[in-house]
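The values are calculated or read from the model by the stated rules, or taken from the named source; none is laboratory data. Note that the structure is predicted; figures quoted are calculated from it, not measured. Every residue, glycine as well, gets a Cβ built from its backbone with ideal geometry; the counts of neighbours run over all protein chains shown. Quick note on the areas: whole protein, heavy atoms, side chains included, nothing else; ligands and nucleic acids left out. Shrake-Rupley method; radii C 1.70, N 1.55, O 1.52, S 1.80 Å.
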Amino acid sequence: MACVLLTGGNGYIGSHTTAVLSERGHDVIILDNFSNSGRDVPDRLRRLTGKTFPIIEADIRDTATVTAALAEFPIDAVIHFAALKAVGESEADPLLYYDMNIVGTIRLLEAMQARNIRRIVFSSSATVYGQPDFSPIPEDAPTRVQNIYGRTKLVMENLITDLARTGKLLGAANLRYFNPVGAHPSAMIGETPAGVPNNLMPYVCQVASGIRPFLQVFGSDYDTPDGTGVRDYIHVMDLAQAHAAAVEHLLANDTAFTVNLGTGIGISVLDLVHAFEHANKRKIEYKIVPRRPGDVASYFANPEAAEKLLGWKARLGIEEMCRDAWVWEAKRGGINDV
Ligand SMILES: NC(=O)c1ccc[n+]([C@@H]2O[C@H](COP(=O)([O-])OP(=O)(O)OC[C@H]3O[C@@H](n4cnc5c(N)ncnc54)[C@H](O)[C@@H]3O)[C@@H](O)[C@H]2O)c1
């Protein structure tokens, strides 16, 4: 069993990974500055798992505090979630993103090096593929980042790969997530987007709960089966299991790799709307509006490498994603008839 430190472990994907790692018998330490996650999450995790996880409240850029904190625990590996992640904000404030994501990662790696912690799992994103030539997208597809957020992910991947290549890290996993959605089936933890959601599933949930009157579907004339954009949605619990599998793989093998984490199944906007309606017996009003600039028709993973390397495969389908996302949203909003 391992002791794993999760930067950003209080956030959406980090909190689900905490629950899964704990269930698989690992010790979890959380390092988070709470800039994008609730103060109630540690207590929710305690009630969910029956365990209290040590929390280091710090910014990853604060090397002195992070280095001191890393000495307190026998840490075998780090999963590095902490980052800023809004594409629009990254274009509005590039230096903030370069500082938080890239400088932050360098500071974290320095602190790890000072404590001889030499295994890392990194939260990358399928956004590094930009406009792919085709889907399913394999890991060796060209990387064509379209925005500053995506560029920071690619720089961080390269940084980590270089440290592994030069022997500074013993184990390194770059995990390229497709579209994480859903929540823990207990509805005790989930996603809490601030303001108007950027992503489809939280938006659909807010239409279902009456916070928003209707969903805007951007474009119905794409070259896809129903004309709406196709993406690869992956249940956050499957994603969390993949992180546990990646950590366990790094602890058993000194290796570096980059893999896609997706289901490999393309789901259109209207597929998702209909699956949501079917799973939750709620009507989702929507309006077709013009395409958004920069959107790609179809974007889904070839997930075979992760299966081959880690023995991991996404198990949960779109209905489970819609159901768990909605139960979480409804519970938060005080809606009882779910
Ligand atoms: N959610 C997605 O759709 C998605 C897709 C692809 C990749 N990712 C990546 O996965 C990771 C986790 O995403 P998430 O959706 O869970 O985000 P999130 O915002 O819910 O979680 C990130 C956590 O990191 C913390 N944090 C941010 N900056 C920090 C800093 N400088 N120091 C310490 N803590 C800090 C936040 O408080 C938050 O708890 C991010 O790196 C993100 O870029 C997310």
Legend entry - Simple label model, 7 Å out from Cα along Cβ direction - His278 to Arg39, nm: 4.4 nm
Inset, instruction - Springs between alpha-carbon atoms under 10 Å, Gaussian network over the chain: tell me which of Tyr286, Tyr233, Tyr129 tops the mean-square fluctuations. - result: Tyr286
Inset, instruction - Could you tell me what percent of the accessible area of region 1-120 is made up of carbon and sulfur, with a 1.4 Å probe and every protein chain present? - result: 50 percent
Legend entry - Pairwise label distance in nanometres, Glu91 with Ser209, each label 7 Å out on the Cα-Cβ vector: 2.8 nm
Inset, instruction - Could you pull out which residues in region 91-112 have an amide N less than 11 Å from a spot 7 Å beyond the Cα of Asn158, following the Cα-Cβ vector? - result: none
Inset, instruction - Quantify, in whole percent, the carbon and sulfur part of the accessible surface of region 226-300 (1.4 Å probe; protein heavy atoms only). - result: 54 percent
Legend entry - Exposed GluC sites (Glu not before Pro) absent: longest stretch of the chain, with sites in DSSP loops and at most 14 other Cβ within 10 Å deemed exposed: 73-284
Inset, instruction - Out of all DSSP beta bridges with both ends in the chain, state the antiparallel percent to the nearest 5. - result: 5 percent
Inset, instruction - Estimate the FRET efficiency between Glu319 and Lys287 by the formula 1/(1 + (r/R0)^6), using the beta-carbon distance for r and 22 Å for R0, to the nearest 0.05. - result: 0.35
Inset, instruction - Could you calculate the contour length gain from Asn336 to Asp221, that is, 0.36 nm times the residue separation minus the distance between their Cα atoms, to one decimal place in nm? - result: 37.6 nm
Legend entry - Total formal charge among the other residues, if their Cβ is under 15 angstrom from that of Glu139, Lys/Arg +1 and Asp/Glu -1: -2
Legend entry - Top of Leu45, Leu170, Leu96 by mean-square fluctuation, Gaussian network on the chain, Cα under 10 Å: Leu96
Inset, instruction - Between Met1 and Gln113, with labels modelled 7 Å along Cα→Cβ, what's the label distance in nm to one decimal, could you check? - result: 3.3 nm
Legend entry - Max mean-square fluctuation residue, GNM over the chain, Cα-Cα springs under 10 Å, options Pro225, Pro303, Pro138: Pro225
Legend entry - Gain in span if fully extended, Asp254 to Glu307, counting 0.36 nm per residue against the direct Cα distance: 17.3 nm
Legend entry - Whole-number accessible area per residue in Å² for region 49-203, which is evaluated in the context of all protein chains at 1.4 Å: 42 Å²
